[in-house]
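The values are calculated or read from the model by the stated rules, or taken from the named source; none is laboratory data. Computed from a predicted model, the values in this text were never measured in an experiment. Positions of Cβ are generated from backbone atoms using ideal geometry, with glycine treated the same way; all protein chains shown enter the neighbour counts.
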Amino acid sequence: MNSVSSTARLIGAGLRALLVLTVICGIIYPLAVTGIAQALFDDKADGSEIKDKSGRVVGSSLIGQTYNLPKKDPNDAEEATRPDLKWFQPRPSNGLGTNSVNTRYSLILSGATNRSADNGAVGGTCTEDAEEGTLCAQVVAAKEAVVADNSTASHHVKPEDVPADAVTSSGSGLDPDISPAYAKLQVHRVAEQNKLEVRQVEKLVDDHTKGRTLGFLGEPRVNVLELNIALKALTGR
């Protein structure tokens, strides 16, 4: 009998502890954290959503997105996507090369291939002879596309002026920001495509360039979604 009663007491104590911890950790703590977050950081707590002038949510300041022309055949998986050159373009999102985990800002999973910087290099340098599917081949092709897309009748982009973030993705493949150098590289093309003056577009970039966090953390950056919303407002599109 003593053994049975001792076991019953232990089970009862365990159940009471389970109930108390469930209430504290499963109800009180989440409600308290949610309440504090909503009271002090409501924008961030709701996912850092960005709205256009009409109040419609168009994305998050934390997640990159593409600005591509619609496919001629939406059901054709093999058809290559083409950037809509009226908009500022983000950095590549295919994970520093071919990556089946995260293709084109997919939010299910994120990641990169973790290939070394000399993957596919010939003689220690990335050249046009790089083996297809390697990081070097990806970078060379991306650089050629950036030069071709952003050169206009009055402004030619030099290959050496293409910054690294224009041809490689971030570690997550979801980076919403680009460097001021990459944003400025796109200015002439965006101005021409939207029939704007270059100085107008340059001012947009300057207005949306953020400095280092606390003055020393990270690098200056430009949020592409916020920049394109301002461009949309400027063009009246």
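Results, tabulated for the structure shown:
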read-out	value
Residue list for region 170-210, filter: out of contact with any Asp or Glu (no Cβ under 6 Å at 6 or more places or on another chain) and closer than 15 Å to A145 by Cα	L185, Q186, R189
Hey, E160 in a loop (DSSP other than H, G, I, E, B) and assigned by TED's automatic domain parsing to the domain that holds L69 or not	no
A137 being small (G, A, S), closer than 17 Å to D84 by Cα and in contact (Cβ under 8 Å) with a residue 12 or more places away in the chain	no
Any chance S179 is under 16 Å from V224 (Cβ atoms), at pLDDT 95 or above and either exposed (fewer than 14 other Cβ atoms within 10 Å of the Cβ) or hydroxyl-bearing (S, T, Y) (or both)	yes
Qualifying residue in region 188-210 (condition: touching a strand residue (DSSP E or B) at 6+ places or on another chain (Cβ under 9 Å) and farther than 20 Å from G59 by Cα)	no
Selection status of L174, within 12 Å of R91 (Cα to Cα), hydrophobic (A, V, I, L, M, F, W, C) and either not in a helix (DSSP H, G or I) or not assigned by TED's automatic domain parsing to the domain that holds L227 (or both)	yes
Residues that are under 18 Å from E219 (Cβ atoms) and either without any contact (Cβ under 8 Å) to a residue 60 or more places away in the chain or assigned to a helix (DSSP H, G or I) (or both), drawn from region 178-199	S179, P180, A181, Y182, A183, K184, L185
